[in-house]
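Every read-out reported here was derived from the displayed coordinates using simple, explicitly stated rules and does not represent laboratory data. Not measured: the values here are computed from a predicted model. Virtual Cβ from ideal backbone geometry, glycine too; neighbours counted across all protein chains shown.
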Amino acid sequence: MDLVLPLAVFGGFMAYFALQARREGVSTRAWIDNRNAATFGRPGWWHGPAVVATLFVVGCFVAVSIDVGFRWRFIFFAVGIGALIALWMAYLTWWARRRLRERR
């Protein structure tokens, strides 16, 4: 029973994507690729996710520091996670802009 709800939600999203793709006359995969490229290819898309990721990392840092006490290695860990998130956003932007150029 625990598996039914996630599968139903996933199925609902896939049905929505298929319906939108059919309306535009393209395959579902092409519709999703075009939508992702348009979303992640525009300048500044990463501002919102960067703020959320920063708040999450800082919140975890504060929670762990309260729980076990401050340790310097937590700062290095937080900076490392932040760097990985920044690299992923840069890669996603590069990928999306490349896909946009290929589609035109």
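Assuming 0.36 nm per residue, please report the length gained on full extension of the stretch residue 61 to residue 78 beyond their Cα-Cα distance. Could the numbers behind the result be given before it?
Details: separation 17, 0.36 × 17 = 6.12 nm, distance 0.71 nm.
Gain on stretching residue 61 to residue 78: 5.4 nm.
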Q.
I need the helices of the chain that pass two filters: whole DSSP H segments spanning 15 Å or more by Cα along the axis, and mean Kyte-Doolittle score no lower than 1.6.
A. 47-68
Q. Using the beta-carbon distance between residue 45 and residue 86 and R0 = 22 Å, what value does 1/(1 + (r/R0)^6) give for FRET efficiency, to the nearest 0.05?
A. 0.95
Q: Rounded to the nearest 0.05, what FRET efficiency do residue 27 and residue 100 give with R0 = 22 Å and r taken as the Cβ-Cβ distance? Could you check?
A: 0.80
Q) Taking the Cα centre of the chain as the origin and placing charges on Cβ (Lys, Arg +1; Asp, Glu -1), which of 26, 40, 14 is farthest toward the positive end of the dipole? A) 26
Q. Debye sum, Cα scatterers, the chain, no solvent: what log₁₀ I/I(0) at q = 0.10, 0.18, 0.20 1/Å?
A. -0.49, -0.96, -1.01
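Rounded if a/c is under 1.5, else prolate if a/b is larger than b/c, else oblate: which is the range 44-104, with a ≥ b ≥ c the root eigenvalues of its Cα gyration tensor? Mind showing how you got there, number by number?
On the way: a/c = 5.97, a/b = 3.04, b/c = 1.97.
Prolate.
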